[in-house]
Structure formats: structure tokens, C-alpha cells
Amino acid sequence: MWTEEQWAVIEPKSASSVVVAAPGSGKTTVMTEHLAHVIATGRIPAQRILAMTFTRQAAEHMRQKLRKHERLRTVDAESCAMGTFHAVFFRALLEADRQVYPVLGQREQYALMREAIADVFGERHATSMYEIQSYLTLYSRTVGGQKQGEVEEKSKRILASYVRRKRERSRWDHDDILLASIDLLESGSSAKSRLFQMSYILVDEFQDTNGLQWALLTSLVERTGAFAFVVGDDDQSIYAFRGASPVYLQRAAEVLPNAQQYLLTANFRSDQAILRHAGQLIRHVRIRVDKPLRGVRDAEGVCLACEVQDRAAQWRFAAQLIRRAKLEKQSMAILARTRSQLALAWTELRRAFGGEWDLLAKGIEFRTFHDSKGKEWDVVALLDMAVPFDVTLDSDEERRLLYVAMTRARHELYALVPRVWGGAAMRAHPFLLESGIEFGRVNGRNRGSKLGEKSLDFSGCN
């Protein structure tokens with residue numbers, strides 16, 4: 001059932017493990033199986049194991065898998081400490097009798113940031129939701145590791161006002177939980193928290209770690225003498241705007257005690273053409289853990305960049321893909337870089353299909369590149385993969401983001417490239433060129449054109 005690579009990770013060991021895993025390699029499943037084996041063999045008592053994730057859903061999914069595992073009792077699954085970084089450390093603060101404050105809800109947090117912006121720009125300033133979100137993101141980045149010197153003066157004043165308003169109301173946001181936890185770990189006091197009794201600490205999706213979370217993990221490992229097990233893919237580190245960095249996963253084998261690095265390179269998700277071009281793209285990233293992307297599936301699949309006349313033709317092409325996916329009972333996703341692009345696509349496709357839309361739209365997912373992470377579909381269409389001729393792009397963060405989007409596809413991947421956008425001539429996204437993807441033009445003469453082994457009716461797409 002398990003490959004040699006997977007079993008090397010699953011097998012319990014008396015050392016720290018750093019697992020760098022390619023997309024579609026089953027990294028979370030392997031981590032859960034490893035945890036089950038550690039408990040089942042009695043190597044470490046379940047109550048001395050901590051597993052941390054980045055979402056509540058991921059933590060609950062892991063616990064459910066442990067509950068159903070044939071080698072474990074229900075009490076074993078329930079005895080592990082498990083949760084998000086924030087939940088785990090908030091509980092630790094409570095157990096240590098540290099002062100904690102109610103955590104702001106999203107609406108409250110937005111309201112405080114709106115007031116902070118008004119403090120600097122004045123009450124008459126028309127503050128948009130995008131502006132509020134941008135400053136909240138900037139705040140998280142400064143807390144998570146960005147240097148204050150990189151923030152402009154007005155932004156510093158806004159962030160200072162936001163912090164002051166939280167203090168005046170005796171409230172916290174999620175970043176305050178981690179800041180208080182750093183103080184707890186550095187205090188050297190004999191804390192009553194169960195956190196300090198851990199012998200084994202596991203972290204999933206470690207490429208999403210920021211500087212504050214890295215400091216918490218390394219401090220906790222040093223204080224408890226615990227071994228660590230971290231798993232992630234530096235090629236899928238796409239949350240730099242929150243302060244996350246792939247460097248922590250890349251450095252982990254050098255820092256964690258007696259650590260051994262393992263690679264999971266077999267992709268069980270995507271057909272060969274998709275992996276070939278995604279792999280060629282990601283090799284342009286400057287600093288990364290070098291790992292092959294090996295496909296288990298023999299099928300060639302479809303991976304094409306489709307040039308269309310304009311965005312209207314793009315919607316028509318997407319409509320053809322949706323209609324065929326529904327007929328062939330394939331799962332499908334429409335992916336775009338921004339929510340505004342998705343909203344426009346939804347509106348235009350609903351207009352194109354008319355009364356059929358409610359039925360056809362069921363099961364077709366519309367997601368941003370960021371929001372597609374961790375998911376997969378049979379057919380994936382990437383929208384608006386074009387840029388102006390005078391735009392130069394050379395961002396490893398954006399390369400990783402496109403890599404994530406490309407590797408969501410199981411069998412068919414189409415990058416749609418409008419040659420005209422808003423009346424301006426456009427060129428194909430340069431990262432598509434880096435991927436070596438095959439280009440084809442879609443127009444009225446392409447009726448019945450073959451895309452790989454699939455046939456589509458493209459009449460009227462020009």
C-alpha cells in the first residue's frame with residue numbers, strides 16, 4: 001500500500017523529521033499514519049503528543065482519521081493534543097494562569113482598523129474594505145517577521161493606532177495570542193500547562209509558517225527536549241503577504257534536534273503532461289529544496305495554453321469546458337488570481353447559459369489560486385493568463401502560486417490567454433512560457449479541434 005518513500009517517513013524513529021513533499025504525494029495522510037504508528041507501538045504515550053495545523057478543519061480531519069484507524073483505540077485518538085497554532089497556545093496561556101483577553105471577531109477587527117485608518121487620514125477618508133484588509137495583512141506581516149523599517153511612516157501610525165485601540169478595549173486579535181505565548185516560553189517559569197509536558201510535536205503544512213510561529217516551535221522544542229515532525233512543500237509557500245516564508249521549512253533540518261530530511265516525490269493526482277509543465281515552471285524558483293515531481297499515473301492528460309481573441313471569447317471557451325465536464329461527469333474548477341476576476345466570470349457565464357446556469361453551475365467550483373490549495377479536480381481552467389506587453393514579472397512567490405494552481409488538475413489543464421483585454425493588446429503570461437506549455441489558438445475554424453485526446457466544439461470562440 002505504501003511506497004518506499006512513504007514508509008521511510010511513516011516508520012517511528014527517535015529523531016526529528018523534516019518531510020518535504022511534492023503536491024499530490026499524500027503528505028497529510030502519511031503524517032497521520034506516522035502518528036498512528038508512533039502511538040500504536042507505544043514509543044510515545046498519546047497524551048505526550050502535540051499535533052498542530054493551520055486550520056480547524058485540518059485538525060478535525062486528522063483526529064477523525066485517528067479515530068477510525070484499525071491499530072488505535074478511541075481513547076488514543078482523543079488523548080493527543082491537537083489544534084491550530086492559535087488554539088493550542090491560547091489553551092497553554094489559560095493553563096499557565098496568564099492574563100488573556102477576549103479575541104476580536106472579524107467584524108470587530110475590521111471596525112477597529114477602520115477607526116485607525118481614520119485617525120491618520122481623517123474621518124472624511126473613504127475607507128474601502130480592500131484597504132482595511134490590506135492594513136490588517138500588513139499588521140500580521142510585521143508581527144510575523146517583516147521588519148518595521150520596511151513599513152512606510154503613515155502605515156506605522158495606522159498600525160500603532162490599531163494596537164492602541166485594542167489595548168483600550170482590553171481585546172486581542174489572533175496575533176496577540178502568539179506574542180503572549182512567546183513571552184510565556186521565554187519567561188523560564190515552571191508553567192502548569194500541558195504544553196510543556198510534550199515529547200513529540202508535529203506540524204502540518206509547515207511551508208505556511210511565519211517568523212513568530214517558527215520561534216514558538218523552536219523555543220518549545222528547546223524547552224521540552226521534544227522531537228519534532230514537520231511536513232510541507234516549500235514550492236507551495238504562497239502566503240508571504242501574511243508573513244509566511246518557505247525558508248523555515250528549508251532550514252528545519254539544520255535547526256531541529258537530530259533531524260533527518262525526507263522527500264515525498266510521487267504524485268498520485270495528476271497526469272504526466274500537467275506534472276511535466278508544472279515541474280518545468282517550479283525549477284525557475286531561485287531557492288528551493290530540489291525534488292523531482294514523479295507522476296504515478298501513466299495517462300498523458302491535457303495541458304494547454306489556449307489563446308482566445310478577448311475575454312468574451314474566454315467565457316465562451318470556459319462555457320464549452322463546463323458543458324462537457326457536466327456531460328462526462330467530471331469535477332471542474334474555474335481558477336483566477338483574484339476574486340474580482342472570478343466574480344466577473346460567474347456573471348458572464350450565468351448570462352451565457354441563461355436558464356441552464358443553475359443546473360450547470362452545480363459542482364463547478366470558482367476559486368482563487370490561493371483558495372485552491374489543498375484541493376483537486378478532473379478539469380481546471382485558469383482565467384486571464386495574459387499581461388500587458390510592457391509588464392515584466394519575476395516573482396518566485398507568483399511562480400509558486402501558479403504552480404499550486406496548475407497542480408490542482410488531475411487530467412486536464414487549460415490556461416486561457418485573452419489576446420485583447422480592456423481594449424489593450426496582451427501577451428501570454430511569462431510564467432506560462434517558463435513552463436514550456438503548448439500554445440494553441442482558439443477561433444471559429446477550430447470546430448472539433450482535438451485537445452489531447454478530447455474534442456471540443458469551439459465555434460464562435462473568436
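The values are calculated or read from the model by the stated rules, or taken from the named source; none is laboratory data. In this text, all values refer to a predicted model and were calculated from it rather than measured experimentally. Please note: Cβ atoms are built from the backbone with ideal geometry, for glycine as well, and neighbour counts cover all protein chains shown. Note: areas computed on protein heavy atoms with side chains; ligands, DNA, RNA excluded. Shrake-Rupley method; radii C 1.70, N 1.55, O 1.52, S 1.80 Å.
Table for the structure above
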quantity: Inter-residue pairs, beta-carbon under 6 Å, first over 14 Å from Glu412 (Cα atoms) and in the stretch 290-302, second of a type in the set (Ser, Thr, Tyr), 6+ apart; calculated: Lys291/Thr265; Pro292/Thr265; Arg294/Thr265
quantity: Top-ranked residue in the stretch 142-162 [being in contact with an Asp or Glu (Cβ under 9 Å, 6 or more places away or on another chain) and crowded, with 17+ Cβ neighbours inside 10 Å; ranked as modelled with the lowest pLDDT]; calculated: Gly144
quantity: Residue match in the stretch 39-47 (condition: open to solvent by 20 Å² or more (accessible area, probe 1.4 Å) and in contact with a Pro (Cβ under 6 Å, 6 or more places away or on another chain)); calculated: yes
quantity: Enumerated helices (runs of 4 or more DSSP H) restricted to the stretch 251-363, each holding at least 2 residues that are open to solvent by 40 Å² or more (accessible area, probe 1.4 Å) and over 24 Å from Glu438 (Cα atoms); calculated: 311-327, 339-353, 357-360
quantity: Candidate set: the stretch 74-96, residues that are without any contact (Cβ under 8 Å) to a residue 40 or more places away in the chain and under 14 Å from Val203 (Cα atoms); chosen: the one most open to solvent (accessible area, probe 1.4 Å); calculated: Ala87
quantity: Answer residue from the stretch 364-373, given it is touching a residue at least 24 places away in the same chain (Cβ under 8 Å) and either in a helix (DSSP H, G or I) or of a type outside the set (Phe, Trp, Tyr) (or both) and is surrounded by the most Cβ atoms within 10 Å (Cβ to Cβ) among those; calculated: Ser372
quantity: Lone unmet requirement of (1) of a type in the set (A, V, I, L, M, F, W, C); (2) within 27 Å of Gly122 (Cα to Cα); (3) surrounded by fewer than 19 Cβ atoms within 10 Å (Cβ to Cβ) for Phe196; calculated: (2)
quantity: Test set (1) touching a helix residue (DSSP H, G or I) at 6+ places or on another chain (Cβ under 8 Å); (2) surrounded by 19 or more Cβ atoms within 10 Å (Cβ to Cβ) - Lys27 fails condition number; calculated: (1)
quantity: Residue count for the stretch 203-235, restricted to those that are assigned to a helix (DSSP H, G or I), aromatic (Phe, Trp, Tyr) and buried (at least 24 other Cβ atoms within 10 Å of the Cβ); calculated: 1
quantity: Identity of the residue in the stretch 53-73, within 27 Å of the chain's Cα centre (by Cα) and of a type in the set (A, V, I, L, M), that ends up most open to solvent (accessible area, probe 1.4 Å); calculated: Ala58
quantity: Options Arg71, Arg43, Arg67, Arg107: the member that is within 23 Å of Thr224 (Cβ to Cβ) and free of Cβ contacts under 8 Å to residues at least 40 places away in the same chain; calculated: Arg43
quantity: Which numbered condition Arg71 fails, given (1) in a loop (DSSP other than H, G, I, E, B); (2) over 18 Å from Leu202 (Cβ atoms); calculated: (2)
quantity: Flag if Ile177 is buried (at least 17 other Cβ atoms within 10 Å of the Cβ), out of contact with any strand residue (DSSP E or B) (no Cβ under 6 Å at 6 or more places or on another chain) and in a loop (DSSP other than H, G, I, E, B); calculated: no
quantity: Residue that is acidic (Asp, Glu) and in contact with a helix residue (DSSP H, G or I) (Cβ under 7 Å, 6 or more places away or on another chain), where the choices are Glu397, Glu376; calculated: Glu397
quantity: Restricting the stretch 198-255 to residues that are of a type in the set (D, E, K, R) and either in contact (Cβ under 8 Å) with a residue 24 or more places away in the chain or in contact with a Cys (Cβ under 8 Å, 6 or more places away or on another chain) (or both), the residue that is nearest to Thr29 (Cα to Cα); calculated: Asp204
quantity: In the stretch 392-442, residue modelled with the lowest pLDDT [restricted to those that are among the small types (Gly, Ala, Ser) and surrounded by fewer than 22 Cβ atoms within 10 Å (Cβ to Cβ)]; calculated: Gly440
